[in-house]
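Contents: one structure, followed by commentary.
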Amino acid sequence: MAKSSVKKKKNKTRINLLPLSDKINIARRNKVIVYLIVLVGYIFILSGYDYIIYGKTNNARTVVFNLNQKLETIRNNNIIYTTIQKAILNKEKIETSLKKDSLIINKLNRLKKKEYKKFIKIIKFPMPDGIWLTSLSSNNGNFIIDGNSMSLKDVSVYIKNIKKMKIFKKIYLSGIEKKIKKGNNYYTFDLKCKL
Amino acid sequence: MSKTFTAVIIDYNYIKIIEATKKNKTYIINNFSLEKLNQNDIDATAYNDNSVNTENILIAEEIKKAFALRQFSKKNVFTVLNDDYIYNYNFSLPEMPEPDLVKAVEYEVKKKSPFPLSQIVYDYIYTCQENEDGSCTLLTTAYVAKKEYSEQLAKIFANADIKLRSIESKTTSLYNANLFIYGNNAGLHYLLIDINLISIKIIIIYKNTIIFERNIEEINIIKNTKNINEAGETISAEIQKTVDYYYAGKSIEPIEKIYISGVYSNNEMFKNIISNLTNIQAETVSILKLLDNGSSTDKHNHNAGNNRGKVDAACDNDENNNKKNKKEHKIQPLIKLSAELYKKIYKNKTAAKNVRKANNSNKLPDSSNNDGNDSNIINNYTDDGSIGSNNGITNMNLDGQILSNYILYDENNLFDILDIMLPAFGLMLGK
């Protein structure tokens, strides 16, 4: 080991006769310079490494950010799509219900027309002289006829007449009541007619 | 990665500064300067009570001024302690781990140094020489200096607002420069001679180990010699003296080569004089020459002369040439000039060209092959008056060749200044 360490050095052909204190100072200065160079190098390497890492992190961040943005866009698109889907479904539902409603309305209109005709018939149909109607209404296809009569007989005649019209399947006298007004007797009655 | 180094050598009353940037394996010289201290000011301090301090303050001010003027970098500044203050001890040690080696060197230094360890600073160099059994012997040289000198030098630079990175020795810087240029191909046993303006350094290297060194002071080769021949003779005599002393009582292989650096290192004539007088093969080691090897001089000059704006392109061409040269020569030191310095140094294109031609001429300008161009060049160059001194005399050398007596060295010439910067440049080299 000793041999090789000398051989590597080959020859020494310089001398330095500076005073020892100066040599020590120079050695110290050189040491400081070396330390500084090492320190600067270390800082440089670290900052370089940091810069690379920072760059990489930054790149990764950018990639993640872009991905997040894309994801957000996709999510938004998805929400919009779902909303549109829902809206389409709703629209369809609404359309169906509207159709249904329109059918109902149409039906009702038709019914209305029919009932109207029946009302007209009922109104136009000749009544006994002692009968006068106070209201005419319909409920679930049933007609309710409220009226007053001078006598019970007139009520019976009126029911018979309606029956003759052959509009209603069944006719009930749901109520009749005798009333006196200013010394005159009369009857109020309610007729329920089923179609 | 590039690192800028500045090397400062205080050489008697001269301050040499060179700044270079090491980029990969290439050293690009950004700037250099040679400042001369005012001798009168220094002499005046000799009469003060605190003359050393005053002189040091003067030197510090000069260094500070030079750094501010040429805007040299203060980051990695190397310098050398004067050779007079450094003692070196050679010894060999077996190979061992670094901590043990440190202790072993400390023990050797303690044993050999006349001063206690608390009063000295020391460091060491070693080369590993492999033995026959595969083990390694560490041929070690310890350099020891008194702490107070080292502290004094550090204080000079501190006064100039410079924190030194290292204090070395001129010997190791020259050794490292030679290793940088020639590697292990310099030879087994050779001599390095660095000729400075007022001193000479001689180092003998054997088996890549600094075995002997000598410092010759106050030998002002420029002032004290009349011409290049006389300079060559003086230096040869010094080499001879050194070699005689070195060989006294020794029987080892002869010195193979002399490597000349510093003043005249780019001068082939001077090299030949030394070689002839010492009977040893001489080689010149010059930063200029290294620039020439690393890049084509002619191309430099051509580009500098024809198109200064394309300096950068020229430098690119040089790089290509470097690559080609690299393939050709295994050991190719890579030193270049910065574009700014290149512009500055080649500013005086005529002088630059002439210096190049005069210095790169391998042949001595004798009467038979002198067709008049060379002498014209030298005459033009010297007539210019900006570079070199000229006494216009010719001499015969030992082989009977006619030699020029022009001393080409000039303290104000950038090429010549660059030539003496090798020891400073060497401070930036080595391991």
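The values are calculated or read from the model by the stated rules, or taken from the named source; none is laboratory data. Everything quoted here is computed from the prediction, not taken from an experiment. Cβ: placed from backbone, ideal geometry, glycine included. Neighbour counts: every protein chain shown. These area figures cover heavy atoms from the full protein model, side chains too; ligands, DNA and RNA do not enter into them. Shrake-Rupley method; radii C 1.70, N 1.55, O 1.52, S 1.80 Å.
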The range B:1-25, subset under 21 Å from B:Leu81 (Cα atoms) and open to solvent by 30 Å² or more (accessible area, probe 1.4 Å), residue modelled with the lowest pLDDT:
B:Tyr12
Residues that are open to solvent by less than 50 Å² (accessible area, probe 1.4 Å) and at pLDDT below 85: find the helices (runs of 4 or more DSSP H) completely inside the range B:216-307 holding 2 or more of those.
B:221-224, B:228-247, B:287-294, B:297-306
Scan the range A:137-148 residue by residue and report those that are surrounded by fewer than 16 Cβ atoms within 10 Å (Cβ to Cβ) and at pLDDT below 90.
A:Ser137, A:Asn139, A:Asn140, A:Gly141, A:Asn142, A:Ile144
Name the pairs: first residue in the range B:164-189 and within 7 Å of chain A (Cβ to nearest Cβ), second residue small (Gly, Ala, Ser) and open to solvent by 10 Å² or more (accessible area, probe 1.4 Å), Cβ to Cβ under 6 Å, at least 6 apart or on different chains?
B:Leu164/B:Ala154; B:Asn176/B:Gly430
What number goes with the only condition from (1) in a helix (DSSP H, G or I); (2) at pLDDT 85 or above that A:Leu18 does not pass?
(1)
Which one is nearest to the chain's Cα centre (by Cα), of the residues in the range A:163-195 that are open to solvent by less than 70 Å² (accessible area, probe 1.4 Å) and at pLDDT below 85?
A:Leu195
Looking only at the range B:68-105, count every residue that is more than 10 Å from every other protein chain (Cβ to nearest Cβ), in contact (Cβ under 8 Å) with a residue 12 or more places away in the chain and not in a strand (DSSP E or B) and tell me the total.
12
So B:Gly183 clears everything in (1) farther than 19 Å from B:Glu253 by Cα; (2) open to solvent by less than 40 Å² (accessible area, probe 1.4 Å); (3) in a strand (DSSP E or B) except one condition, right? Which one?
(3)
Would you confirm whether or not the range B:133-142 contains a residue that is within 7 Å of chain A (Cβ to nearest Cβ) and at pLDDT 90 or above?
no
Let me spell it out: the conditions are (1) open to solvent by less than 10 Å² (accessible area, probe 1.4 Å); (2) at pLDDT below 90, and B:Ile204 meets all of them except one. Which number is the exception?
(2)
What are the pairs, 6+ residues apart or on separate chains, where a residue within the range B:121-132 that is more than 9 Å from chain A (Cβ to nearest Cβ) and assigned to a strand (DSSP E or B) has its Cβ under 7 Å from a residue that is of a type in the set (A, V, I, L, M, F, W, C) and open to solvent by 10 Å² or more (accessible area, probe 1.4 Å)?
B:Gln129/B:Leu139
Verdict on A:Tyr54 being among the aromatic types (Phe, Trp, Tyr) and surrounded by 11 or more Cβ atoms within 10 Å (Cβ to Cβ):
yes
Within the range B:143-152, considering residues that are facing another protein chain (nearest Cβ under 8 Å) and of a type outside the set (D, E, K, R), the one nearest to B:Leu93 (Cα to Cα):
B:Tyr143
Specify the residue that is nearest to B:Tyr182 (Cα to Cα); the eligible residues are those in the range B:331-353 that are at pLDDT 80 or above and open to solvent by less than 10 Å² (accessible area, probe 1.4 Å).
B:Ile335
Scan the range A:149-162 for residues that are open to solvent by 10 Å² or more (accessible area, probe 1.4 Å) and within 30 Å of A:Lys112 (Cβ to Cβ) and jot them down.
A:Val157, A:Ile159, A:Lys160, A:Asn161
